[in-house]
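Remarks on the structure that follows.
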Amino acid sequence: MKLSVNDFRQWEHKCITLLGMSGVGKTVLSVMLRAHNWFHYSGDYRIGTRYLDEPILDNIKQQAMAIPFLRDLLRSDSIYIVNNITVDNLNPVSSFLGKLGDPEKGGLPLKEFKRRQALHHEAEVAAMKDVPEFIRKAQEIYGYRHCVNDAGGSVCELDDPEVLRVLAEHSLILYIKATEQDEQELIRRAVKYPKPLYYREAFLTEQLAIYMGERQLDYVAMIDPDDFVRWMFPRLFYSRIPRYEAIARQYGYTITTTELAQVKDEADFLRLVEKAVEQQT
C-alpha cells in the first residue's frame, strides 16, 4: 500500500506488515505495539496453530513412539500430546522443519526434508492470505484499533504474487533492512546457534550441490546438520536481501535496524513510518 504522509496520518485503522530476516526486531516491535492497542498477528503462530498443527503433532508422536514407555501410553490413549505454541514460543514450528543430514545427529533425509519444506511453504502462503480476515477480527471482535502483521523471514521467498497483492492491498508493507554492522551480528548469531530454516527448493538444490562438493560428501546422510545450516545461513541471508528490496520498492517502504533501535514507543514508530513514507514517495 502506497500512501502520502497525510493519508497515513488519517488512516483510522492502520495495518502494517513487517518484513525482514529473523532477528531484525519484527517481533520485539510487534510486542511493543501490542501494548498500544495494536493487534499482533504472527504469521509463524498462525502457521503452527492452524496449518501445521497436525503435522507437528504427528512428528512429536512419532518421536515419542520410539520410547517404549511412551509408546504404550499413547497406544492405550492413556496420554495425549498437544502443542503449546505461543507468539513467544514457536519452537514446535522450528523443530518440525528440522535440519538436513545425518540421522544419527538428528538430521532428516532429503525427501522428508523437502516434504516438510513444501508443507511450510503452503502454510505460510495460507497464513499471509488470512491477514485481511484477522484485520477484520481484530477490530470487530477484539476491539483493537490497529494491526501489525509480524511476517516470517521467508515471506520474500514464497514466489506467490497473490500473497503480495493481498498484503499490499490491506496493509502498509515495511521492510526492516539490517545495516552492515547488524548483518554481521545476525550472521554471527545464526552461526553460533544454528536453527532450522526454510529454503526455496531451487536455492536448496543449487547450494546443496556446492556444499556436497566442497565437503567431498557422497550422500546427504553424511552431512553434519548444524554445519550445513551454518554454511547456508550467510548465503540465504544475502540471497533474500534483493527479494526484500524488490518488494519494498514496488509495494512498500524501508527503514533500517538503526532507525528501529531508536523507537521507544508507538509515537516514535509512527514518526519513523511517516519519515519513510515521505522520503520514499
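FYI, it's all coordinate maths here, none of it is from the lab. What you are looking at is a predicted structure, and each value in this text was computed from that prediction instead of being measured. Neighbour counts are summed over all protein chains in view; Cβ atoms, including those assigned to glycine, are modelled from backbone coordinates with ideal geometry.
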Excluding residues on the same chain fewer than 8 positions from Lys275, give the aspartates and glutamates whose Cα lies under 12 Å from its Cα. Glu259
Listed with the fewest Cβ neighbours within 10 Å leading, Ser95, Ser42, Ser30 appear as Ser95, Ser30, Ser42
Among the listed pairs Lys99/Lys192; Lys195/Lys264; Lys14/Lys177; Lys111/Lys192, those beyond 19 Å (Cα-Cα): Lys195/Lys264; Lys14/Lys177; Lys111/Lys192
How big is the equivalent ellipsoid of region 1-111 along its three axes, where each semi-axis is √(5λ) from the Cα gyration tensor, reported in whole Å from largest to smallest? 39, 17, 11
I'd like the antiparallel share, as a percent to the nearest 5, of DSSP beta bridges with both residues in the chain. 5 percent
Between the alpha-carbon centers of region 122-188 and region 35-110, tell me the distance in whole angstrom. 23 Å
Least to most buried among Trp11, Trp231, Trp38 (fewest other Cβ within 10 Å first): Trp11, Trp231, Trp38
Amide H partners (placed H, <5 Å) of Lys99, local residues excluded: Leu108
Cα-only Rg/Rh for region 128-274 with Kirkwood Rh rounds to 1.04
Under 13 Å from the Cα of Lys2 - aspartates and glutamates, other chains or at least 8 residues apart: Glu169, Glu274, Glu278
Which three extents, in whole angstrom, do the alpha-carbon atoms of the chain cover along their principal axes, largest first? 62, 49, 32
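As a test of the formula, what do you get for the chain when each DSSP H run with n ≥ 4 contributes -39,500 (n - 2.57) and the sum is divided by the residue count, at 222 nm and rounded to the nearest 500 deg cm²/dmol? Write down the numbers at each step before the final one.
Details: 14 runs with 162 residues, N = 281.
After summing the helix terms and dividing by the residues of the chain, the value is -17500 deg cm²/dmol.
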Once Rh is set to the Kirkwood radius over Cα pairs, what Stokes-Einstein translational diffusion coefficient, in µm²/s, holds for region 190-271 at a temperature of 37 °C and a viscosity of 0.692 mPa s? 211 µm²/s
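What's the exposure ranking of Met212, Met65, Met232, going from fewest to most Cβ atoms within 10 Å?
By the 10 Å Cβ count, ascending: Met65, Met212, Met232.
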